[in-house]
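Contents: one structure, followed by commentary.
The values are calculated or read from the model by the stated rules, or taken from the named source; none is laboratory data. Bear in mind the structure is a predicted one, so any value in this text is a computation, not a measurement. So basically every Cβ, Gly included, is an ideal-geometry build from the backbone, and we count neighbours across all protein chains shown. Quick note on the areas: whole protein, heavy atoms, side chains included, nothing else; ligands and nucleic acids left out. Shrake-Rupley method; radii C 1.70, N 1.55, O 1.52, S 1.80 Å.
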Amino acid sequence: MKVTRAITQQSRLQSPRASWRGASLLLALTTALPALAQAQVVGAGADWSTPSGTAQATRYSSLNDITPANAGKLVEEFSFATGVKASHQGQPLVVGSRMYIVTPYPNRLIALDLSNPGVKLWTFSPKVDEFARGVACCDVVNRGAVYADGKVVYNLLDGSTVAVNAITGKQVWRTKLGDPASGETLTGAPIVAKGKVIVGNAGGELGVRGWVQALSLKTGKPVWKAFNTGPDADVLIGADFKAFYAKDRGTDLGATSWPDRMWQQGGSTSWAWFSYDPGLNLVYYGTGNPGVWNPDMRPGDNKWGASIFARNADTGAAVWAYQLTPHDGWDYDAVNESIVADMTIDGRARKVIVHFNKNGFAYTMDRATGEVINANKFGEVTWADHIDLKTGVPAVNPGMATHQGDITQGICPSALGVKDFEPASYSPRTGLFYVPAINLCMNYEPLKTLYIAGTPFWGADLDILPGSGGKMGELIAWDAATGKRAWSVDEPLPLYAGTLATAGDVVFYGTLDRWFKAVNATTGELLFKKQLECGIVGNPISYTGPDGKQRVAVYTGVGWMAGGFAGGTCPAGATASSDAAPMARASARLPIAKASSASTVTSGMLHVFRLP
């Protein structure tokens, strides 16, 4: 394994946080988790109760049993078959001595007894509209659940959000939010902020109009709803809105930056991750591509596609917004996570969010104002030269804008980005962010298309090609204070799964060629690897087992989208997409050999590791 160190990184180590475990499962499951304190919660402890470990999206575990000195001794404690063939893109939850697994469609919730490893306690099997399978743009995935107030809350593919009693497995409430007949689905992971469940919709490739909603954790009733396109009244932009850059100021930009009323099919959905700063009481999230992939059909900046919003958790009112890629003509969404962190930059304490965008630039931003502090390339980028920090506008390179009737060649990154939705992690001990990266480029041809509700509204064709350097992926350690790499690890295939950083200074991640790996957080040195039965597109977590010892868990299972980059789906027969989808065709044409030995597994799997 090749490790490249870009700079000498001095470890800024702090004392690891002590972990704790509740006195009993009953107490852990029936006592409401307190609202996040004013102090920032940096890492998860004994439990993993929210999709990213913390509401700040750090994916950092304060557990430190596993270290560079002993990680090579890890053994598998148990595995569990989920019973579903599809991409397992999320992560389990752990509360007390129970683990909760949400499957891809049909979105079952499975509770395991960690006191008896691998033993199932119950399965909640909601009725999910089968029609949603046919309109899900990019596989029938689910990115996970959140636990709060004795409930496990998650989204269903058919546009519903459901809360389940964490002890009994019985439904507490279910709220219908979207209509699959229009192409609308729910695939993202919710979070809880001040007693509200924050969710967003998917379906931008079918002309769905993006929104984010807050539901009452207690009842499931909607509290507020903000659209991501349209007039200010719909977007909840009011007197408190203060965009940092002039390009993002003005009245009703979510409507006037589109032709006619095309903002109604403006995509800009929020189908991945949310984060929350309890001190500022702000929820952060990004929006997807601005509807149809043919930019000539939608002249203008197309706000608020490919943007980051900061919203008041109580009211949904937008406090600031920043559009990363105006008039996006490359499918460079902004749905990737915005990690909340405090750091020193140029000798000054800064409260920031860090966002690794598909467009290939890593943004370190003031999370109170939306100011971009630095925005440097973290992978191969040819479409733009730099981000102008005075205006916030990317400097698009000549010949890289895409237009109907032309095939623009050599665009880097591809529509998958230097990083897609696969979440990064942050270690406050090293001061580094650990980024699962993709090294692919593309040739892009916008096409004329028509909008018909509930059908694909793509409007483009593309070829995806390997980037330079003889690799298609890499793990990048990034210093967001300086905007520079610390080190990187080359991978032969795109990294299509998230990372986990721990207080033991170990980083975990999985690969499409079926390896689960651990590396030294300060150097990138390989510490552990085990090849599993299928590729990994899930995100590892860490928790404390009933014996008080640290565990690490991860899913396997690859559907059509990631399978195109890995020689096929695994398990065999995993949910496939119509080859009419541009990404399906593009991934199938990549020069990747079919898997040399077919796995005999018949289901996605959960794997749990521990020290002997």
### Query
Largest first, what is the accessible-area ranking of K2, K419 with a 1.4 Å probe?
K2, K419
### Message
I'd like the distance separating the alpha-carbon centroids of region 443-473 and region 106-125, in whole Å.
### Response
39
#### Entry: Filtered trypsin sites (Lys or Arg not before Pro), region 218-291: DSSP coil and at most 12 other beta carbons within 10 Å
R249, R261
#### Entry: As computed over region 461-590, the Cα convex hull volume per residue (Å³)
138
### Message
Using +1 at the C-beta of Lys and Arg and -1 at the C-beta of Asp and Glu, which of P106, P413, W122 has the Cα lying farthest in the positive direction of the dipole of the chain?
### Response
W122
### Task
Calculate what fraction, in whole %, of the accessible area of region 455-500 sits on carbon and sulfur atoms when a 1.4 Å probe is rolled over the protein chains.
58
## Note on the structure
Sequence order, region 73-79: Karplus ³J(HN,Hα) from phi using 6.51 cos²θ - 1.76 cosθ + 1.60, θ = phi - 60°, Hz rounded, Gly and Pro as x, gives 8, 4, 10, 7, 7, 6, 10
### Query
If you take the Cα atoms of region 102-168, find Rg, then find the Kirkwood Rh from the mean of 1/r over all pairs, what is Rg/Rh?
1.00
### Query
What percent of all Cα-Cα pairs in region 46-98 falls in each 5 Å bin, counting up from 0?
4, 13, 17, 21, 24, 16, 4, 0
### Query
For region 50-77 and region 510-576, what is the separation of their C-alpha centers, rounded to whole Å?
14
### Structure-based [θ]222 nm, the chain - -39500 (n - 2.57) summed over DSSP H runs of at least 4, per residue, nearest 500
-1000 deg cm²/dmol
#### Entry: For region 268-400, the spread of Cα positions along each principal axis, largest first, Å
43, 35, 23
### Task
Using amide H atoms built 1.01 Å from N in the peptide plane, name the residues 5+ places from I373, or on other chains, whose amide H lies under 5 Å from its own.
T364, M365, D366
### Query
With no solvent and one point per C-alpha, what does the Debye sum give as log10 I(q)/I(0) for region 364-472 at q = 0.10, 0.19, 0.20 Å⁻¹?
-0.41, -1.14, -1.18
### Area projected by the alpha carbon convex hull of region 392-538, averaged over all directions, nm²
11.7
### Message
On a straight-distance basis, which aspartates and glutamates could pair with K549 in a cross-link, Cα separation under 19 angstrom, same-chain partners fewer than 8 positions away excluded?
### Response
D47, D65, E76, E77, D113, D505
### Message
Below 8 Å, C-alpha to C-alpha, sequence gap of six or more: please give me the relative contact order for the chain in percent.
### Response
16
### Task
For region 147-194, run through the chymotrypsin sites (Phe, Trp or Tyr not before Pro) and keep only the ones in DSSP coil with at most 16 other Cβ atoms within 10 Å of their Cβ.
none
### Query
Of all trypsin sites (Lys or Arg not before Pro) in region 296-398, which ones are in loop regions per DSSP and have a Cβ with at most 15 other Cβ atoms within 10 Å?
K390
### Query
Whose amide H sits under 5 Å from the amide H of N201, counting only residues 5 or more places off or on another chain, with H placed in the peptide plane?
W211, S270
### Summary
Computed over all unlike Cα pairs, the Kirkwood hydrodynamic radius of region 219-330 in Å stands at 14.1
### Summary
The answer for R108, listing residues at least 5 apart or on another chain whose modeled amide H is closer than 5 Å to its amide H, is T103
### Query
Just the Cα atoms of the chain, one point each, no solvent: what log10 I(q)/I(0) does Debye give at q = 0.07 Å⁻¹?
-0.36
### Message
One quarter of the convex hull surface, Cα atoms only: what value does that give for region 336-389 in nm²?
### Response
3.9
### Query
Per-residue HN-Hα couplings for region 249-256, Karplus 6.51 cos²θ - 1.76 cosθ + 1.60 at θ = phi - 60°, whole Hz, x for Gly and Pro?
10, x, 8, 6, 4, x, 10, 6
### Summary
For region 308-317, Karplus-derived ³J(HN,Hα) couplings (6.51, -1.76, 1.60; θ = phi - 60°; whole Hz; x for glycine and proline) come out as 10, 10, 10, 10, 5, 5, 6, 10, x, 4
